Amino acid sequence: MKNIVILISGRGSNMEAVVRALEAEGWPARIAAVISNKPEAKGLDFARARGIPTAVVANKEYGSRAEFDAALQETIDRFAPDLVVLAGFMRILTAPFVEHYAGRMLNIHPSLLPLFPGLATHQQAIDAGEKEHGATVHFVTAELDHGPVVAQARVPVLPGDTEETLSARVLVEEHKLYPYAVRLFVEDRLSIENGEVRILAPAETTSI
Ligand code: NHR
Ligand code: GAR
């Protein structure tokens, strides 16, 4: 049974998709906690309603990124996570924090990395005249949005798309992609070799 800690900052719809898939598909995992850096994050309500432990580590109460990350790490580690899942978590994390969770922290980023790291990805894709856009699940490394890629989902960019219409199209795919990727981790099917992710075949089921 793997312990998963999910970090959010807002709506938490990707967190919700992971929780629902875990429950519906009976993964050998539990959501040990949902933690937000924003006390008002909507996603906390969903977690509380499901009886999932929640915590808030409010970044604005800390004087530096190092102090915030230290407090966040202490809170996360109380739940003994095998995996930390960033789901719309909006604070850049310091190198020591990232190193502590090396190989066991995933992020979903709303672009086809390496295109458009950072913020405002949908508008950037529109402005660049991209025909395709999407989302990427990657292991988190110190360099923002540069970690080894686990999986990507693609959508078309359509004429007349706005940030709103395009982000909504991408989000539908995120809600399938993230549960798929987290499940691979839970089933020990991800390995990182020379900075690249390998997806391993499912374990054989033995029959009698
Ligand atoms: N930290 C590291 N070291 N590496 C990554 O790959 C990270 C990370 C922290 C968050 C998620 C992310 C994304 O998917 C993520 C990946 C926030 C910002 C940002 O600029 C950028 C990327 C991501 C999340 N945040 C501002 C900051 O100053 C605050 C913005 C706000 O509060 O709205 O931290 O792209
Ligand atoms: C998602 O689209 C996620 O990919 C993106 O924010 C949204 C969060 O939605 N993440 C980032 O932009 C990270 N910089 P959610 O809170 O409903 O999951």
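The values are calculated or read from the model by the stated rules, or taken from the named source; none is laboratory data. Since we're looking at a predicted model, the values are computed, not measured. Note that each Cβ is placed from the backbone with ideal geometry, even for glycine, and that neighbours are counted across all protein chains shown.
Observations on the structure shown:
- Any hit, the stretch 84-91, residues being out of contact with any strand residue (DSSP E or B) (no Cβ under 8 Å at 6 or more places or on another chain) and modelled with pLDDT of 95 or more: yes
- Among the conditions (1) more than 25 Å from residue 194 (Cβ to Cβ); (2) more than 9 Å from ligand 1 (Cβ to nearest atom), residue 121 misses just one, which is (2).
- So residue 42, is it among the charged types (D, E, K, R) and under 14 Å from residue 85 (Cα atoms): no
- All conditions in (1) under 18 Å from residue 150 (Cβ atoms); (2) crowded, with 18+ Cβ neighbours inside 10 Å; (3) more than 16 Å from ligand 1 (Cβ to nearest atom) hold for residue 82, with the sole exception of (2).
- Failed item in (1) loosely packed, with under 14 Cβ neighbours inside 10 Å; (2) more than 16 Å from ligand 2 (Cβ to nearest atom); (3) closer than 18 Å to residue 146 by Cβ, with residue 104 passing the rest: (1)
- Residues located in the stretch 145-168, provided they are surrounded by fewer than 17 Cβ atoms within 10 Å (Cβ to Cβ) and within 13 Å of ligand 2 (Cβ to nearest atom): 163, 164, 168
- Residue 117 being of a type outside the set (Ser, Thr, Tyr), touching an Asp or Glu at 6+ places or on another chain (Cβ under 7 Å) and surrounded by 14 or more Cβ atoms within 10 Å (Cβ to Cβ): yes
- Close pairs from the stretch 134-162: first under 15 Å from residue 184 (Cα atoms), partner away from ligand 2 (no atom under 14 Å from the Cβ) and in a loop (DSSP other than H, G, I, E, B), Cβ under 8 Å, at least 6 apart: 138/148; 139/103; 139/148; 148/141; 148/195
- Condition check for residue 21: away from ligand 1 (no atom under 12 Å from the Cβ), farther than 20 Å from residue 140 by Cβ and either surrounded by fewer than 22 Cβ atoms within 10 Å (Cβ to Cβ) or under 14 Å from the mean Cα position of the chain (by Cα) (or both): yes
- Scanning the stretch 92-118 for residues that are among the β-branched types (Val, Ile, Thr) and either away from ligand 1 (no atom under 12 Å from the Cβ) or in contact with a strand residue (DSSP E or B) (Cβ under 6 Å, 6 or more places away or on another chain) (or both) returns a single hit, 108.
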